[in-house]
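The values are calculated or read from the model by the stated rules, or taken from the named source; none is laboratory data. The structure presented is a predicted model; accordingly, all values stated were derived computationally and were not measured. Neighbour counts run over all protein chains shown; Cβ positions are idealised from the backbone, glycine included.
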């Protein structure tokens with residue numbers, strides 16, 4: 001079989017450039033089981049094993065000078081751009097390369113910091129720090145500049161006040177590049193051609209974040225205004241050529257927002273988060289998800305989730321027909337919805353916080369990165385079937401190959417300064433390549449992202465357990481990687497009395513994957529909301545301060561608590577009897593209980609003792625005064 005090749009871009013400390021991944025597939029010979037090669041044929045009816053072993057090699061095709069920033073590539077992978085320092089000065093320019101020849105095609109900019117391509121690669125957008133006008137260059141461009149990719153000609157420049165790196169890119173295009181949208185102070189500006197006057201301006205006071213739908217007809221722009229003093233945050237969605245919003249929602253617990261449009265622009269997900277948690281349960285604030293459909297509703301609806309905890313990740317499938325949410329405290333739960341926000345399937349619980357759909361949308365990887373151990377789950381979204389599991393600890397960046405058959409997980413600098421490198425997995429979770437890097441690895445990605453060049457292939461038939469073990473052992477010997485097999489997991493020692501039994505105590509509540517419908521989802525969310533209300537009522541108090549005398553008594557031991565209760569009851573009874581006595585004008589000692597009488601006797605005795613002491617002291621003072629006078 002001819003090897004399958006994919007171009008990758010690699011940026012290291014010592015060298016950078018365009019590399020190549022070659023995948024070699026070989027048919028395994030008939031697996032021998034129980035000493036006979038005919039056992040497999042007799043059991044399956046086939047004379048060959050139903051799987052291919054895959055080996056991968058990596059080599060550098062075209063070496064380039066290490067840039068100042070990461071490379072950005074076009075969707076088809078034919079062009080890439082990066083920021084380079086200008087020799088002999090403090091300037092930095094953007095350089096565009098042709099990936100097939102490795103030659104420089106254009107160079108532009110003076111103090112470039114950020115650079116990216118438009119959706120089709122026609123334009124390059126750069127951000128430069130502010131420059132003062134000088135005699136040499138009296139007409140300097142603004143902070144945000146649009147350049148033509150072909151020849152590096154400057155198309156337009158705009159000022160970008162209050163620039164933040166998390167809001168990059170400053171100008172957003174529709175998928176066909178027919179419309180470009182940017183924000184100014186309290187305004188949204190829609191352009192047809194950036195070098196021409198704008199088509200429409202929408203006034204939005206205190207605007208912070210905006211998101212443009214992928215389609216140009218109809219074109220929607222979602223805006224987010226953060227809370228200010230006593231005013232809540234507000235999300236509004238505007239349609240082109242209309243001045244009033246078609247969708248709106250006010251919310252209090254929202255300091256930042258992320259807009260997620262599906263491919264057809266028929267649905268919008270608004271993922272909000274707050275900087276602090278009013279309930280005191282988390283240091284990292286709260287997060288909520290809102291759903292809106294511009295053609296069917298006029299208000300964003302809160303997506304109720306049956307599991308408490310933060311929203312870990314949200315993502316649309318590439319075709320825009322489904323979206324997935326990973327939510328709740330660890331182990332987190334993952335649920336698949338259709339574009340109408342109707343639940344379809346629950347993936348159970350696990351240590352995951354990241355969603356990655358393959359370019360065709362058929363396969364799905366659920367990963368646990370960051371502070372999680374790096375567990376990977378590979379699913380067939382169409383058949384709702386778990387294909388395999390893998391482990392990629394310390395992963396900082398990841399992506400699928402354009403044919404949806406391979407998954408790349410990398411450990412890069414400066415997130416991690418040791419053990420830099422990358423691994424290649426098949427869509428079933430089989431590790432087929434491990435490439436450690438001795439120096440600092442900054443970036444490794446597939447250049448081509450166009451999935452339309454490759455067919456959407458269904459998963460291969462699952463091999464037998466014996467073949468899986470042989471395949472994993474083969475990849476371990478070839479790549480030097482360590483992967484836990486089923487036989488290794490079964491070698492864990494268990495006492496004879498506990499063998500074949502389920503553990504009586506579990507650290508986490510595990511939930512199995514299962515299909516969902518609207519009724520089941522509604523019942524679970526209502527049950528979770530009722531449990532939440534009960535907890536809030538029982539714990540409605542300030543931390544560290546008792547809300548009532550009863551809560552203060554619960555903290556006291558039982559022996560002391562009983563005495564305190566008796567004493568309080570006696571004092572209360574005494575107070576009531578004294579009030580009655582004052583009203584009637586005489587004492588009612590005979591009506592008092594024994595405990596109250598005993599308490600009153602103690603108080604009267606202490607008063608008498610104090611009076612006797614005072615009288616004795618007064619007599620002594622008088623005698624000394626008389627003696628001094630005599």
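Details
- Yes/no for residue 336 being in a strand (DSSP E or B) and under 28 Å from residue 513 (Cβ atoms): yes
- Neighbours by Cβ (under 8 Å, 6+ apart or cross-chain): first from the stretch 75-91, on the phi > 0 side of the Ramachandran plot; second in a loop (DSSP other than H, G, I, E, B): 77/99; 77/447; 77/448; 77/449; 77/450
- If you filter the stretch 215-255 down to residues that are free of Cβ contacts under 8 Å to residues at least 24 places away in the same chain and buried (at least 18 other Cβ atoms within 10 Å of the Cβ), you find that the one that is farthest from residue 178 (Cα to Cα) is 234.
- Of the criteria (1) touching a strand residue (DSSP E or B) at 6+ places or on another chain (Cβ under 8 Å); (2) more than 23 Å from residue 352 (Cα to Cα); (3) surrounded by fewer than 21 Cβ atoms within 10 Å (Cβ to Cβ), which one residue 418 fails: (1)
- Residue check for residue 225: over 22 Å from the mean Cα position of the chain (by Cα) and at pLDDT 90 or above: no
- Entirely in the stretch 1-118, the strands (runs of 3 or more DSSP E) that have 1 or more residues that are at pLDDT below 85: 4-12, 16-27, 52-64
- Scanning the stretch 191-204 for any residue that is under 22 Å from residue 166 (Cβ atoms) and touching a residue at least 12 places away in the same chain (Cβ under 8 Å) turns up at least one such residue.
- Identity of the residue in the stretch 158-179, over 14 Å from residue 127 (Cβ atoms) and over 28 Å from the mean Cα position of the chain (by Cα), that ends up surrounded by the most Cβ atoms within 10 Å (Cβ to Cβ): 179
- Identity of the residue in the stretch 392-408, outside any loop (DSSP other than H, G, I, E, B) and under 19 Å from the mean Cα position of the chain (by Cα), that ends up farthest from residue 356 (Cα to Cα): 397
- Within the stretch 306-334, tally of residues that are buried (at least 20 other Cβ atoms within 10 Å of the Cβ) and touching a helix residue (DSSP H, G or I) at 6+ places or on another chain (Cβ under 8 Å): 1
- Considering the stretch 253-264, the residues that are within 18 Å of residue 357 (Cβ to Cβ) and assigned to a loop (DSSP other than H, G, I, E, B) include one that is nearest to the chain's Cα centre (by Cα), namely 262.
- Within the stretch 283-294, residues that are without any contact (Cβ under 8 Å) to a residue 40 or more places away in the chain and on the phi > 0 side of the Ramachandran plot have Cβ atoms under 6 Å from residues that are surrounded by fewer than 18 Cβ atoms within 10 Å (Cβ to Cβ) and assigned to a loop (DSSP other than H, G, I, E, B) in these pairs: 285/275; 285/276; 285/277, counting only partners at least 6 apart in sequence or on another chain.
- Enumeration of residues in the stretch 176-198 that are closer than 15 Å to residue 116 by Cα and in a loop (DSSP other than H, G, I, E, B): 177
- Contact map, the stretch 131-158: first residue under 18 Å from residue 90 (Cα atoms), second residue modelled with pLDDT of 65 or more and outside any loop (DSSP other than H, G, I, E, B), Cβ cut-off under 7 Å, separation 6 or more or different chains; pairs are 131/111; 141/154; 141/157; 143/127; 143/128.
- Residue list for the stretch 427-443, filter: within 16 Å of residue 374 (Cα to Cα) and out of contact with any strand residue (DSSP E or B) (no Cβ under 6 Å at 6 or more places or on another chain): 430
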